[in-house]
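Reviewing the structure listed below.
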Amino acid sequence: MTEHWVFGYGSLIWKADFPFLDRRQATISGWERRFWQGSHDHRGTPEAPGRVLTLTPVPGAVCSGVVYKVTEDVFEHLDHREKNGYRRVTLDVDIDGGDRVLGTVYFADHDNPAFLGTAPLAEIAAQIERSNGPSGSNAEYLLEIASALRVLRTQDAHVFRLESLLKGRGC
Ligand code: SIN
């Protein structure tokens, strides 16, 4: 079966609920993570959406994550999991240690119906604190990605600032 690389920058880093043949730390260039995508199906509800990660273009930025080698059939699961506004795009992915590969990335653009966009970080943290959905609390999503980025030894001012705001609210 055909093999593909899939780059993860959010929950795909810490929640690999699919089979993979390889997993490597990697980066994409020109993008940063942001909690700008609404979540009606995993970390919130249609009435009270949570906030999850998408990417925004930032010239010169480098976004760290992990890249998985998967077989074609895994896309059925991933497309379902990432169905709330994400679409597949193909980007250059630099695997730590050398190789550049073409990778599939789940990207939620500003024109998808669930997109929430920017807001003051304190408001984003408050929304994350109060949101819950079928996959669990929105706070768990934020705390898990912050821990996973620490394991990858990655700096991410947006994620770590939100983590500290959330913890300051007692989470
Ligand atoms: C990703 O992790 O790469 C996509 C966004 C998410 O599922 O959190």
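The values are calculated or read from the model by the stated rules, or taken from the named source; none is laboratory data. Bear in mind that the values here come from a model prediction, so they are computed numbers and not experimental data. Cβ placement follows ideal geometry from the backbone for every residue including glycine, while neighbour counts extend to all protein chains displayed. Each accessible area value is taken on the protein alone, full model and side chains, heavy atoms only, with ligands, DNA and RNA left out. Shrake-Rupley method; radii C 1.70, N 1.55, O 1.52, S 1.80 Å.
Quick rundown of the values:
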quantity: Rounded to 5, percent antiparallel among DSSP beta bridges of the chain; calculated: 90 percent
quantity: Accessible area of Arg81 in the full protein assembly, 1.4 Å probe (Å², nearest 10); calculated: 20 Å²
quantity: Dipole in debye (nearest 20) - the range 3-168, about Cα centre, beta carbon charges: Lys, Arg +1; Asp, Glu -1; calculated: 440 debye
quantity: MRE, 222 nm, helices only [DSSP H, n ≥ 4, -39500 (n - 2.57), over the chain, to nearest 500]; calculated: -8000 deg cm²/dmol
quantity: Rounded to the nearest 10 Å², the accessible area of Ile145 at probe 1.4 Å; calculated: 0 Å²
quantity: Sites matching GluC sites (Glu not before Pro) across the range 26-105 that sit in DSSP coil, with at most 10 neighbouring C-beta atoms within 10 Å; calculated: Glu47, Glu72
quantity: Dipole of the chain, positive direction: furthest Cα of His158, Gly60, Thr90, with charges on the beta-carbon; calculated: His158
quantity: Sparse-neighbour loop sites [chymotrypsin sites (Phe, Trp or Tyr not before Pro); the range 1-55; at most 16 other C-beta within 10 Å; DSSP]; calculated: Phe20
quantity: Residue among Ala61, Ala148, Ala26 with the largest mean-square fluctuation in a Gaussian network model of the chain, springs linking Cα atoms under 10 Å; calculated: Ala61
